[in-house]
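Trainee: My structure is below; once you've seen it, I'll send some questions.
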Amino acid sequence: MNKKAHNHLLKVGNDYCPALSQIVSNNGIIEINVDKTIDVFECLAQTVVEQQVSYKAAKSIWKKVKASAASKGFDLIDYFDEKNKSSLRNDGLSQNKIKSIMGAKKAINDGLISLEKLEQLSYDDYKKLIKSLWGFGDWSAEMIAIFYLGRTNVWSDGDLMLSKGINEICLDTETSPQQLIDMVDPFQSYLALHIWRHKD
């Protein structure tokens with residue numbers, strides 16, 4: 001699939017947007033690497049941690065959270081408990097992020113969310129379910145869809161790096177950002193991955 005996506009993006013770039021072809025050629029073939037070692041709770045929690053902070057900051061906070069849980073003898077999901085709130089705050093999490101993650105934990109424990117359920121739902125129904133969780137919006141649902149579920153046709157309008165990147169790519173062409181997004185369907189996730197790598 002990634003070779004097919006690569007060739008499709010190259011063709012669209014060659015026909016309508018030379019800057020895209022250059023980026024895709026420079027990056028080479030990109031795969032969507034889904035980490036099968038993390039469970040649905042860790043995925044949801046990590047996504048919350050990554051909201052509105054740099055990747056470097058999120059990685060540092062997440063490392064502290066996991067280390068604190070391990071040092072206290074908790075499984076990660078059990079560490080997110082009222083009695084550990086001060087510790088979670090010391091790890092670098094805001095009150096709102098703790099609330100979001102605890103809400104996700106409850107949804108999982110109540111059987112509302114599971115990997116199987118997320119995989120089986122249509123994309124629209126999947127997004128509705130994720131966004132029904134407190135503190136989870138479009139961006140969170142889109143990141144989970146790409147990096148946890150491996151969906152290949154996801155674009156995030158709310159991602160600032162993607163927004164800036166696609167506007168730069170379309171500069172000096174007759175193609176608008178939305179037209180380019182539509183043209184690369186059904187491989188929008190790969191367009192996002194190429195822009196992230198290019199801007200990183």
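Trainee: Does the range 160-172 contain at least one residue that is surrounded by fewer than 20 Cβ atoms within 10 Å (Cβ to Cβ) and under 14 Å from the mean Cα position of the chain (by Cα)?
Mentor: yes
Trainee: Answer yes or no as to whether residue 91 is free of Cβ contacts under 8 Å to residues at least 12 places away in the same chain and either under 18 Å from the mean Cα position of the chain (by Cα) or surrounded by 13 or more Cβ atoms within 10 Å (Cβ to Cβ) (or both). Can you show your working first?
Mentor: Details: free of Cβ contacts under 8 Å to residues at least 12 places away in the same chain: no; either under 18 Å from the mean Cα position of the chain (by Cα) or surrounded by 13 or more Cβ atoms within 10 Å (Cβ to Cβ) (or both): yes.
The answer is no for residue 91.
Trainee: OK, next. Note down all Cβ pairs under 9 Å where the first residue falls in the range 169-181 and is in the same structural domain as residue 194 (by TED's automatic domain parsing) and touching a residue at least 12 places away in the same chain (Cβ under 8 Å), the second is among the hydroxyl-bearing types (Ser, Thr, Tyr) and in a loop (DSSP other than H, G, I, E, B), and they're at least six residues apart or on different chains.
Mentor: Cβ pairs passing all conditions: 169/175; 170/176; 180/173.
Trainee: Hey, does the range 36-53 have a residue that's among the small types (Gly, Ala, Ser) and either in contact with a Pro (Cβ under 9 Å, 6 or more places away or on another chain) or without any contact (Cβ under 8 Å) to a residue 24 or more places away in the chain (or both)? So that I can check it myself, show each step before the final result.
Mentor: As a first pass, look at the range 36-53 and keep what is among the small types (Gly, Ala, Ser): 45.
Filter once more, so that each one left must be either in contact with a Pro (Cβ under 9 Å, 6 or more places away or on another chain) or without any contact (Cβ under 8 Å) to a residue 24 or more places away in the chain (or both): none.
No, because not a single residue in the range 36-53 is among the small types (Gly, Ala, Ser) and either in contact with a Pro (Cβ under 9 Å, 6 or more places away or on another chain) or without any contact (Cβ under 8 Å) to a residue 24 or more places away in the chain (or both).
Trainee: Inside the range 176-200, can you point out the residues that are surrounded by fewer than 16 Cβ atoms within 10 Å (Cβ to Cβ) and not small (Gly, Ala, Ser)? Talk me through it step by step, then tell me what you get.
Mentor: Step one: filter the range 176-200 for residues surrounded by fewer than 16 Cβ atoms within 10 Å (Cβ to Cβ), giving 176, 178-179, 182, 185-186, 197, 199-200.
Result: 178, 179, 182, 185, 186, 197, 199, 200.
Trainee: Answer yes or no as to whether residue 117 is assigned to a helix (DSSP H, G or I), under 22 Å from the mean Cα position of the chain (by Cα) and either without any contact (Cβ under 8 Å) to a residue 60 or more places away in the chain or within 20 Å of residue 149 (Cα to Cα) (or both). Give the derivation first.
Mentor: Details: assigned to a helix (DSSP H, G or I): yes; under 22 Å from the mean Cα position of the chain (by Cα): yes; either without any contact (Cβ under 8 Å) to a residue 60 or more places away in the chain or within 20 Å of residue 149 (Cα to Cα) (or both): yes.
Here the answer is yes, as residue 117 does meet what is asked.
Trainee: From the residues in the range 120-154 that are of a type in the set (Asp, Glu) and closer than 20 Å to residue 193 by Cα, which one is nearest to the chain's Cα centre (by Cα)? Working first, answer last.
Mentor: Filtering the range 120-154 for residues of a type in the set (Asp, Glu) gives 124-125, 138, 142.
Applying the additional criterion that residues be closer than 20 Å to residue 193 by Cα yields 138, 142.
Working: 138: 10, 142: 5 Å.
Selected residue: 142.
Trainee: Okay, moving on. Starting from the range 24-35, keep only residues that are closer than 11 Å to residue 198 by Cα, then list their pairs with residues that are aliphatic (A, V, I, L, M) and in a loop (DSSP other than H, G, I, E, B) whose Cβ atoms are within a distance under 9 Å, requiring at least 6 positions of separation or different chains.
Mentor: From the range 24-35, the pairs are 24/30.
The values are calculated or read from the model by the stated rules, or taken from the named source; none is laboratory data. No experiment lies behind these values; they were computed from the predicted model shown. Cβ coordinates were reconstructed from backbone atoms using ideal geometry, including for glycine residues, and neighbour counts include every protein chain displayed.
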